[in-house]
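Enquirer: Just passing along the structure, written as C-alpha cells.
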Amino acid sequence: MLNKPVLLESLIVFVIVLFVHAVVWDRYSWCAVALAVQAFYVQFKWDRLLQLGGAVFQFRTAANSGLLPASMVIPLLGVVMKERCKSAGIVYFERFGIVVASTGMLVALFLSVIAVGITKPVPTNTCILTGVAGSIIIYTMKHSLTVSEVIEVLEVLLIFVYLSMILLYLLPRCFTPGEALLVLGGISFVLNQLIKRSLNVTEGRGDPIDFFLLVAVVGVVLLGLFFTVLFIFMDSGTWISSMFFHMMTAVLGLGVIMPWLYRLIQRNPLFWLLQFLFQTQTRVYLLLYWTFLAASACGVVFYQNAKRSSESKKHKASTITRKYFHFIVVATYVPGLIYDRQLLYIAAVLCLAVFIFLEYIRYFRIKPLGHTLRNLLSLFLDERDSGPLILTHIYLLLGMSLPVWLFPRSCAPKGTFSGAGALVPYAGVLAVGVGDTIASVFGSTMGEIKWPGTKKTVEGTMTAVFAQIIAVALILIFDSTVNLNSSYAWILASVSLVSLLEAYTTQIDNLLLPLYLQIMFMA
C-alpha cells in the first residue's frame, strides 16, 4: 500500500493535471489524464521494488519512487506550450510542443513498462491499465505526428535508454526513478535537439543564446562520461592524473565544444560572449552586482566551515543556514529578470557549467581543489545527497533557471505573455526562492501543526503561500512588463497547489516545484 503522504501527493498532481485538462481540453490533455492514471498505479510497483531491493539499479532510498509527479512534467509542459504557441499563431513551436508532449509520454510509459516487467508476480491489472493508456497515447501520436516527428520522438527514447543504463550504473543512489526520468529525459531531449540543429544549421539563422544552453549541457555531460571511463583505469587523485584532467578539459573545450558552437552561431564564441556580456552599461552593473553576491555566498561557506572547525567536526549546517543561499539566489535572479533576461539566460548557463565542472573536480579528487571542495561542501549535505555526487546546489540553480530557459520567447508577443503567463520566468523565484525558503524557515521555527504523515507544518505552507502573493505584488510594482489581467484567482490556486505539493513530495523540490508552477502559469 502507498502511504498517506504519497496518496496526497498524487491527489495534488491529479488536481494540477485536471486543471490543465480543463483549460486545454483536447486529445493531448486526454492523453495526459490517461498517463496520470496509469502512472499512479505503476507507482505502487516501483515503491515495492525499491523497498524490496528489486530494482535494476540502486536508487535514492530516502524517498518514494516519485513516478507520478515526474511523469507528468514533460507532457504537461509540451501541452501548455503547444496551446500558447497555437494562440500566437506560431506553427513551428506549436508542432514543437506536440513533440515535447509526445516524447514525455513515451519516456514515462517506458519507465512504467520497466517497473511492470520486473515485478514478480506479474501485476495483471496494472499491465492491462498500462496497455490501455499506452494504446491511447500511441493512437493519438499516430494521428498527430508526421514521420519526421515520430523519428525524433524515437531518437529521444533511444538516447534516454542508453543514457539511463550508463549513468544509473555509474551514479548509484543519486536519483529516484522519478528524478532520473526528469533529469535524464531532459538531457536526452537536449542532446537530440543539438544533433538535429547541428545537421540542419543555416548561416545567420537563429539566436546564439538558443544554442548556448544546448552546447553547454551536452558538453559537460560528455566531459563527465569521458573522465568517468578514463579514471576507471587511472587513480584520479594523483598529480599526474590531475594535470591530465586539466589538459584534456582544455583540449575538449577548445577542440570540440568551441568549434561545435562556432558551427551553430557562425562566429567566434569567445568574442561573441565577451561582446554580449559587456554590450550595455546595465549588463556591466549586473555583472558587478552578481560578482559581489557570488563572493558573499563563498563567504558564507568559508564562515560556516570555520565555525565547524572551532565547534565540532560533526557540525552540520542548519536548515536556516542552507536557506541563506536561497535568499542570495533570489537577489541574483530578480534584477536579471527585471532588467535583462537574455543576460540572465547566458549567465545561468555559464554558472551551471561551472557548478558541474567543480563537482567533477570534487568527485574525482582533482588536485589542487578536489580535497578542499570535499571538506567545504560536506557541511551542507542532507539526506538527498546519499550518492557519490552532491547535486542539491545544482538542483537549486536548475530550479531557478529552467523557467527562464524554457520560456517560449517566440510565442510571446512583445517578449511576455498576458495574465498569469507573464509570471512564467518568475516561477523559480516564487516556488523555490520565496515559497520553499519561507516554508522551511517558518515551519522549522514556529510550526506546530504538522501535515498528516510528514514533517512539514501547516504554518510553513500558509506563510509560503502568503509570501508568494506578496512577491507577486512586488513584481507588479517593479516590473512594468507584467500584466496579470485580473487572473488573480488562477495565480492564488497555482501557488497554493504547488505549496501543498512542497509539503508532501519527497522528490527534489528545487527541481519539481518550479516546473509545476510554470505549467500552471502557462496554462
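Enquirer: Determine the gain in length on full extension of the stretch Leu170-Val458; use 0.36 nm per residue of separation and subtract their C-alpha separation, reporting nm with one decimal.
Expert: On the way: separation 288, 0.36 × 288 = 103.68 nm, distance 3.92 nm.
Residue separation times 0.36 nm, minus the Cα-Cα distance, leaves 99.8 nm.
Enquirer: To the nearest 20 Debye, how big is the dipole of the chain about its Cα centre, given +1 on the beta carbon of each Lys and Arg and -1 on that of each Asp and Glu? Display every interim value, and only then the final one.
Expert: On the way: 36 positive and 25 negative charges, 128 e Å.
Dipole about the Cα centre, nearest 20: 620 debye.
Enquirer: While we're here: Along Cα→Cβ, 7 Å out, is where each label goes; now give me the distance between the ones at Val33 and Val284 in nm to one decimal.
Expert: 5.8
Enquirer: Ignoring ligands and nucleic acids, what accessible area does Lys4 show with a 1.4 Å probe (Å², nearest 10)?
Expert: In the full protein context, Lys4 sits at about 120 Å².
Enquirer: Taking Rh as the Kirkwood radius computed over C-alpha pairs, what is the Stokes-Einstein D of region 1-202 at 4 °C in a medium of viscosity 1.567 mPa s, expressed in µm² per second?
Expert: Working: Rh = 17.3 Å.
D = 75 µm²/s.
Enquirer: At 0.36 nm per residue, minus the direct Cα-Cα distance, what do Asn200 and Asn483 gain on full extension? Give it in nm, one decimal, please.
Expert: This chain segment gains 98.1 nm when fully extended.
Enquirer: Separate question: First measure r as the distance between the Cβ atoms of Thr124 and Phe466, then evaluate 1/(1 + (r/R0)^6) with R0 = 56 Å and state the FRET efficiency to the nearest 0.05.
Expert: 0.70
Enquirer: Next question. His371 to Val56: FRET efficiency via 1/(1 + (r/R0)^6), r the Cβ-Cβ distance, R0 25 Å, to the nearest 0.05? It would help to have the intermediate numbers written out before the result.
Expert: Details: r = 34 Å, r/R0 = 1.34.
So the FRET efficiency works out to roughly 0.15.
Enquirer: Accessible area per residue of region 1-202 at 1.4 Å probe, in Å²?
Expert: Working: 8560 Å² over 202 residues.
Roughly 42 Å² per residue, with all protein chains present.
Enquirer: Ignoring everything except DSSP H segments at least 4 long, calculate the 222 nm mean residue ellipticity for the chain; use -39,500 (n - 2.57) per segment, divide by total residues, nearest 500. Each step should come with its number before you reach the end.
Expert: On the way: 20 runs with 377 residues, N = 523.
After summing the helix terms and dividing by residue count, I get -24500 deg cm²/dmol.
Enquirer: Express the relative contact order of the chain as a whole percentage, based on alpha carbon pairs under 8 Å and six or more residues apart in sequence.
Expert: Details: 644 pairs, mean separation 94.9, N = 523.
About 18 percent, as a whole number.
Enquirer: Could you compute the net charge surrounding Leu501? Neighbours are other residues with a C-beta less than 14 Å from the C-beta of Leu501; K and R count +1, D and E count -1.
Expert: Values: positive: Lys456; negative: Glu9, Asp436, Glu502, Asp509.
Taking every Cβ under 14 Å from that of Leu501, the sum is -3.
Enquirer: Using θ = phi - 60° and the Karplus form 6.51 cos²θ - 1.76 cosθ + 1.60, what ³J(HN,Hα) does each residue of region 462-467 get, whole Hz, x for Gly and Pro?
Expert: Karplus values, whole Hz, x for Gly and Pro: 5, 5, 5, 4, 4, 5.
Enquirer: Tally Lys and Arg at +1 and Asp and Glu at -1 over the other residues with C-beta under 15 Å from the C-beta of Ala422: what net charge comes out? Walk me through the numbers before you get to the answer.
Expert: Values: positive: Arg84, Arg341, Arg409, Lys414; negative: Asp479.
With Lys, Arg at +1 and Asp, Glu at -1, the neighbours total +3.
Enquirer: Taking all pairs of different Cα atoms in the chain, averaging 1/r and flipping that mean, what Kirkwood radius in angstroms comes out? Can you show the working numbers first?
Expert: Details: mean 1/r = 0.0418 Å⁻¹.
By the Kirkwood definition, the hydrodynamic radius is 23.9 Å.
Enquirer: For Ala331 and Met446, compute 0.36 nm times the residue count separating them, minus their Cα-Cα distance, and round to one decimal in nm. Before the final figure, lay out each step's value.
Expert: Numbers: separation 115, 0.36 × 115 = 41.40 nm, distance 2.48 nm.
So the extension gain works out to 38.9 nm.
Enquirer: Within the chain, which is the longest segment containing none of the GluC sites (Glu not before Pro) that sit in a DSSP loop and have at most 15 other Cβ atoms within 10 Å? It would help to have the intermediate numbers written out before the result.
Expert: Values: sites that count: Glu203, Glu383, Glu448.
Maximal segment without exposed cleavage sites: 1-202.
Enquirer: Next question. On a C-alpha basis, how far is the centre of region 21-36 from the centre of region 50-125 in Å? Whole number, if you could?
Expert: With region 21-36 and region 50-125 each reduced to a Cα centre, they are spaced 14 Å.
Enquirer: Okay, moving on. Would you pull out the residues with amide H under 5 Å of Lys450's amide H, same chain only if 5 or more places away, H placed 1.01 Å from N?
Expert: The answer is Val458.
Enquirer: Rounded to the nearest 10 Å², what accessible area does Tyr303 show when all protein chains are kept and the probe is 1.4 Å?
Expert: Tyr303 has an accessible surface of roughly 140 Å² with all protein chains in place.
Enquirer: Leaving out ligands, DNA and RNA, what percent of the accessible area of the chain is carbon and sulfur, probe 1.4 Å? Mind showing how you got there, number by number?
Expert: Values: 16090 of 23260 Å².
Carbon-and-sulfur percentage of accessible area, whole number: 69.
Enquirer: Between region 419-498 and region 364-396, what is the separation of their alpha carbon centroids in Å?
Expert: 29
Enquirer: Shifting gears a bit: Could you give the nm distance between label points at Ile320 and Leu7, where each point is 7 Å from its Cα heading toward the beta carbon?
Expert: For Ile320 paired with Leu7, the spin-label model returns 3.6 nm.
Enquirer: In vacuo Debye scattering of region 164-296, one point per C-alpha: log10 I(q)/I(0) at q = 0.09, 0.10, 0.17 Å⁻¹?
Expert: For the requested q values the scattering log ratios are -0.39, -0.48, -1.14.
Enquirer: I've got another one for you. Using 21 Å as the Cα-Cα cut-off, could you pick out the over-long pairs in Lys4/Lys450; Lys4/Lys455; Lys82/Lys142; Lys86/Lys414; Lys323/Lys455; Lys86/Lys196?
Expert: On the way: Lys4/Lys450 13 Å; Lys4/Lys455 13 Å; Lys82/Lys142 17 Å; Lys86/Lys414 16 Å; Lys323/Lys455 17 Å; Lys86/Lys196 23 Å.
With Cα atoms farther than 21 Å apart: Lys86/Lys196.
Enquirer: Using a Förster distance of 35 angstrom, determine the FRET efficiency expected from the C-beta separation of Asp235 and Val300, and round it to 0.05. Can you show the working numbers first?
Expert: Values: r = 33 Å, r/R0 = 0.95.
With R0 = 35 Å, the Cβ-Cβ based efficiency is 0.60.
Enquirer: Over all pairs of distinct alpha carbons, what does the Kirkwood formula give as the hydrodynamic radius of region 370-523, in Å?
Expert: Values: mean 1/r = 0.0608 Å⁻¹.
Taking the inverse mean of 1/r over all distinct Cα pairs, region 370-523 comes out at 16.4 Å.
Enquirer: Moving to a separate point now. In Å², and per residue, what accessible area does region 467-523 have when probed at 1.4 Å with the other protein chains present? Before the final figure, lay out each step's value.
Expert: Numbers: 1910 Å² over 57 residues.
Averaged over the residues of region 467-523, the accessible area is 33 Å².
The values are calculated or read from the model by the stated rules, or taken from the named source; none is laboratory data. Just so you know, these numbers come straight off a predicted model, no measurement behind them. For neighbour counting, all protein chains shown are included, and Cβ atoms are generated from backbone atoms with ideal geometry for every residue, glycine included. Surface areas here come from the heavy atoms of the whole protein model, side chains and all, with no ligands, DNA or RNA. Shrake-Rupley method; radii C 1.70, N 1.55, O 1.52, S 1.80 Å.
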